[in-house]
1. How are the C-alpha pair distances of the stretch 1-101 spread across 10 Å bins, as whole percents from the shortest bin up?
2. Quick one: Cα convex hull volume of the chain, Å³ per residue?
3. When only Cα pairs under 8 Å and 6 or more residues apart are kept, what is the percent relative contact order across the chain?
4. Hey, what do the phi angles of the stretch 140-152 turn into as Karplus ³J(HN,Hα) couplings, whole Hz, using 6.51/-1.76/1.60 and θ = phi - 60°, x for Gly and Pro?
5. Over 28 Å between Cα atoms, which of K9/K77; K9/K165; K135/K165 qualify?
6. Enter the accessible area of S30 (Å², nearest 10), with the probe set to 1.4 Å and all protein chains included.
7. When the Kirkwood radius is taken over all Cα pairs of the stretch 37-89, what Stokes-Einstein diffusion coefficient follows at 37 °C and 0.692 mPa s, in µm²/s?
8. Note down, for the stretch 84-164, the three equivalent ellipsoid semi-axes (square root of 5 times each alpha carbon gyration tensor eigenvalue), biggest first, whole angstrom.
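The values are calculated or read from the model by the stated rules, or taken from the named source; none is laboratory data. Remember, predicted model here, so these are calculated numbers, not experimental data. Cβ coordinates were reconstructed from backbone atoms using ideal geometry, including for glycine residues, and neighbour counts include every protein chain displayed. Surface areas here come from the heavy atoms of the whole protein model, side chains and all, with no ligands, DNA or RNA. Shrake-Rupley method; radii C 1.70, N 1.55, O 1.52, S 1.80 Å.
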Amino acid sequence: MASDKLSDKRAILVVLGSLIKSPILFDSCSLEQADFNIEPFYEIIFSAIYNLWTTGVNVIDCFAIDSFLSNYPTQYKIFSNNNGLEYIVQATELAETENFEYYYNRLKKIGLLRFWESEGVDTSSIYNPDVIEPKAQEEESRRFDELTINDLIEWNQGRIIDEAKMRFGSNTVSKGQQAGKGMLELIEKLK
């Protein structure tokens, strides 16, 4: 499973839109640029919102973001090429600040899975975005939504511990014998 499939663009949209509508949400969450590293476009928007908020801008909107990014030609080009102004307007319109916590948690959980995937951990037993059948897809999503970040961390710790025990555990029982065991007695008996 490719880690670029591990994204939830709806969660990104709602989180970014909610932060634009209510930047005070930064006080109750722990977000960083890496949470949006699916595409540079999302990272740029998050960074603009965050930087505007930390510099004391109280009203963040598409004009404030556009103005801020225009000072950074490379980022502004990516923003413009992806219809950034339209995206900001859409994100703000569709933001569900009352559901922020749900989408925030989902974004963090998927970010954790992306991190593990980048480290070579197969996370498809936790969440498999390749499921195609609608009923199975719905069940996959429901199961994932029920998990917490701590559940995911415990799963990975358990997986690592189980693998280490299997590969390196010293409590394995030896079933073999030494080839010379009983040889002296046999030689004496045959004399």
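1. Spelled out bin by bin, the stretch 1-101 gives 15, 53, 28, 3, 0 percent.
2. On the way: hull volume 37.9 nm³, N = 191.
Taking the convex hull of the Cα positions in the chain, it is 198 Å³ per residue.
3. Values: 144 pairs, mean separation 53.6, N = 191.
It rounds to 28 percent for the chain.
4. Couplings: 4, 5, 4, 4, 5, 5, 6, 7, 9, 4, 5, 4, 5 Hz.
5. Details: K9/K77 21 Å; K9/K165 38 Å; K135/K165 37 Å.
The pairs that break the limit, which is 28 Å between Cα atoms, are K9/K165; K135/K165.
6. 70 Å²
7. Working: Rh = 10.9 Å.
Rounded to a whole number, D works out at 301 µm²/s.
8. Values: eigenvalues 157, 48, 34 Å².
Calculated on Cα positions only, the semi-axes equal 28, 15, 13 Å.
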